[in-house]
Every structure is written in C-alpha cells, then in structure tokens.
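What follows is a short report on a single structure.
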Amino acid sequence: MTPQAILIIIICLVVFGFVFEQILEYLNYKKLSPVQPPEAENIYNNEKYLNQYNYQITNYKFGLYESSFGFILSFLMLVFYGFAFVDSIARELVTDERLVILVFFGLLFFTFDLISLPFNIYDTFVIEAKFGFNKSTPRIFILDKLKGWLLSIVIGAPVIIAVYWFYNKTGSMFWLYTFLLFVGIMLFFLLFYSNLIVPLFNKQKPLVEGELKNAIKEFATKVNFSLKDIYVIDGSKRSSKANAYFTGLGSKKRIVLYDTLINDLTVNEIVAVLAHEIGHNKKKHVIYGMLLSIIQTGIMLYILSIFLSNPMLSQALGINKATFHISIIAFGILYSPVSMILGMANTVISRKNEYQADKFAAEYGQAENLISALKKLTVNNLSNLTPHPIYVFFNYSHPTVLQRISALKSNKSNNNS
C-alpha cells in the first residue's frame, strides 16, 4: 500500500463519517411532526409540544450548518496537506521535537476552537436563549472558555509529553506505559472530578437539612446505600435544564443535584431520580463501564503501537518521514470505523444499564414518582419523544422517555403481582 492510497482511505472515511451522520440526522428530522402524536398527549400540552418541535427543527438546521462547516474544513486540511503546513509552522517557531509536538497540537486545538467559537456563541445566546434555556452571561461564557483552555494546557501538555517520552524511550512497548498512564488519569477523574474540576466552573454546597435531605437519607438507608455527601450545584447560572449525577467511588462517592432539579421536581420525584442513580451504583455500572473503557483504551493503544512508526502514515498527510504527531492524526482517522463499532456497543450496553437502574427504582416503590419526574424533565428540556429508531440505536445512551415509561409501568405491575 502506498501513502497516496492511505490518504484516499482517510479521505473516504471522513466523507463516509459525515454522510452517515447526516443520514441519521435527516431520518430523525423527517420523523418530527408539528402534530402531537397520541403517546405525547399526557406529557406535553399543545403549546409546549409545538415549542419542542420548533426547538428540534432549529437544532437540526443549525447542526447541519455547523457539521458541514467542520467537514469542509477537515476535508480541505486533508486534500491540501494542512496538517503538514501546521507542522512546518511549529518547526519554524521551535526546534526541540517535544516543543514541536506541543506547538502543533496547540495550534490545531486553539485554531479549531476559535473557528467554532461563533457557532458556540450563536447556539448559547441565540438558540438556547430563544427557547428559554440560556442563563449564561457573556462574562460567564468567556471565563468558561478561558478556564477550559487553561485546563487543556495544564492537563493536556504534560500528558502529550509523557506519551512522547514513552514512545522515544520504550519503542513498541510505549503503548503499555501510556495505557497505565491513561488508566491512572481515568481513576483520578473518577475520584476527584467533582472535588477539583467542578469547583472551577460551579459552586457546590452541601444540601441543607430539611425534608429533601431527610427523604434521601431515608431511602439510602432503606436500600443499604452508604451516603455521606449530597451536594447542590448552581447549574441555573448557565441553563434552566435540570440534571443530577453520581460520582466517585468508596469514600469519595457523592450525589450532586442541580438547583434546577430541586426547583422543578417534588421531593418524592427527586428521591426517585436518585433511586435510579443509586441503582447504577448497586448494579456496579460505573465499575463495569470503567473496566470496559480501560479494555478499549488498551486495545486502541496496542494497535496504535503497531502502526505509529510506519512512515506511510505521515507520508499520507504530507510529511516524508515518520512523525509522532502526524502519525497519531492519521491513525485517529483510520481507527474511526473501530471507534464507531465500539461506540454502538457502548450505547447498547448503556441503554441496558438505564433499564436496570429504572427497574431498581421500581423495585423500591419509585416507579410512579420516576415516571412523573421523567415527564416533567422531558417537558422542561423540550426533549424529542419520538426519535427515529435507527438514530436512537446509534446515538442514544438512554432509552427514549416513552420506552422508559413503558418499562417502568411493566416493572410496577410485576412488583404488584
């Protein structure tokens, strides 16, 4: 195989990925209707449903422009050897190969991020504001962007240098040391993300004593779930959309509630949502998910180690000799079919886990409360009740709301019988 053939394969994969994504989006778009289906009548009123329809249509059209722009940019970078051009700029600025790699990835990251900035601004301050979601201010938006850049530098730069050092010192075995590094990073974020990263963007306060905290503790005791930390996060400073999540392991585990969730739901509904989250923990979904990610990362890095030193990867993108950072770009695109297959498998497993967590909540008498919470969250978030099944299969990490409600009703009937 020649470098030209590899370049053609890379371009074909990029084109295929874009076309496939647009087919899925179009199928989902065509299934939208301004007329409320019968199954939505007890969830949306007519006015809210029409607002949801307009929200979905607006997001589809905007997403089409944004993804098309990104595709054209990527296509041009490949056809006109843009990555080789960025590499040449980096080598004019610095001479040390480690610095060349950092400058290369830095130029790519900040250039693409700045190019996408107008889309982010329009999405946040026009679309999300139009439909009543955005609560962010220009100041918050700018600070978030600057903090995100700073985190990318502080975390990303040392990791890139470490991986390059492993590659230089251990050759084909670099994948193993990189694998161990990535596993350490995964565990670190699992344990300390809420303690160290979240406070940079949001304020977290312990849930105050009262009816809600007592109800949560009572349920936790009922299901023999050790719970020490319950926090409330000020999600309303950016969006009116509600959420809750469970993070950490062992002594570091905590439940985090968005203040919007507390405002939108009743105490019983919030307990039902947390029953679902506790179900994930009881079923060990977090641990299994982490193990699956670790295995997939190990496989990807091992395959990368086989091809990274092959000069044809770099030559395909316009560099004559094997170059660490250029080869990684080429490999990342060539690996995309495998990533898509693994992504499909992950979404299938994730949807199964969601059903199990819902079933756990239902087994402890929370089916009706969880159904009520799901309906409210659906309306408040203007969620699509009837997405296309093929779109769901490839993209949804959760079953649709109607599927979850149907399963919860079935679980409730089984528990009562």
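The values are calculated or read from the model by the stated rules, or taken from the named source; none is laboratory data. Note that the structure is a prediction, hence the values are computed from the model and not measured. When we count neighbours, we look across all protein chains shown, and the Cβ atoms used for this are built from the backbone with ideal geometry, even at glycine.
The table below gives the values:
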| item | result |
| --- | --- |
| Test: residue in the range 241-249 that is surrounded by fewer than 19 Cβ atoms within 10 Å (Cβ to Cβ), more than 30 Å from residue 123 (Cα to Cα) and touching a residue at least 60 places away in the same chain (Cβ under 8 Å) | no |
| Spans of helices (runs of 4 or more DSSP H) in the range 77-167 with at least 3 residues within 30 Å of residue 12 (Cα to Cα) and touching a Leu at 6+ places or on another chain (Cβ under 7 Å) | 82-93 |
| Conditions (1) within 26 Å of residue 59 (Cβ to Cβ); (2) modelled with pLDDT under 95; (3) buried (at least 16 other Cβ atoms within 10 Å of the Cβ): number failed by residue 412 | (1) |
| Selected residue (criterion: farthest from residue 97 (Cα to Cα)) from residues of the range 129-154 that are surrounded by fewer than 16 Cβ atoms within 10 Å (Cβ to Cβ) and small (Gly, Ala, Ser) | 132 |
| Of residues in the range 312-325 being touching a residue at least 40 places away in the same chain (Cβ under 8 Å) and in a helix (DSSP H, G or I), the one nearest to residue 169 (Cα to Cα) | 324 |
| Residue list for the range 6-19, restricted to those being in contact (Cβ under 8 Å) with a residue 12 or more places away in the chain and surrounded by fewer than 16 Cβ atoms within 10 Å (Cβ to Cβ) | 9, 15 |
| Subset tally (residues that are hydroxyl-bearing (Ser, Thr, Tyr) and buried (at least 19 other Cβ atoms within 10 Å of the Cβ)) for the range 75-105 | 0 |
| 1 or more residues closer than 30 Å to residue 314 by Cα and without any contact (Cβ under 8 Å) to a residue 60 or more places away in the chain: qualifying helices (runs of 4 or more DSSP H) within the range 326-417 | 336-363 |
| Answer from 69, 83, 112 - the residue that is in contact (Cβ under 8 Å) with a residue 24 or more places away in the chain, touching a helix residue (DSSP H, G or I) at 6+ places or on another chain (Cβ under 7 Å) and not acidic (Asp, Glu) | 83 |
| Residue 132, sole failed condition from (1) at pLDDT 95 or above; (2) closer than 30 Å to residue 59 by Cβ; (3) out of contact with any helix residue (DSSP H, G or I) (no Cβ under 8 Å at 6 or more places or on another chain) | (1) |
| Unmet criterion (only one of (1) charged (D, E, K, R); (2) closer than 30 Å to residue 223 by Cα; (3) more than 25 Å from the chain's Cα centre (by Cα)) for residue 321 | (2) |
| Check on residue 62, surrounded by fewer than 17 Cβ atoms within 10 Å (Cβ to Cβ) and either part of a helix (DSSP H, G or I) or within 28 Å of the chain's Cα centre (by Cα) (or both) | yes |
| Tally, over the range 252-291, of residues that are hydroxyl-bearing (Ser, Thr, Tyr) and in contact with a strand residue (DSSP E or B) (Cβ under 8 Å, 6 or more places away or on another chain) | 2 |
| Failed condition for residue 49, given (1) over 27 Å from residue 76 (Cα atoms); (2) part of a loop (DSSP other than H, G, I, E, B) | (2) |
| Qualifying position, being closer than 30 Å to residue 405 by Cβ and at pLDDT 85 or above, among 222, 203 | 222 |
| Positions within the range 155-183 being aromatic (Phe, Trp, Tyr) and loosely packed, with under 15 Cβ neighbours inside 10 Å, in sequence order | 165 |
| Flag for residue 192 being touching a helix residue (DSSP H, G or I) at 6+ places or on another chain (Cβ under 8 Å), modelled with pLDDT of 95 or more and surrounded by 14 or more Cβ atoms within 10 Å (Cβ to Cβ) | no |
| Among (1) over 30 Å from residue 184 (Cβ atoms); (2) surrounded by fewer than 18 Cβ atoms within 10 Å (Cβ to Cβ), the one test that residue 219 misses | (2) |
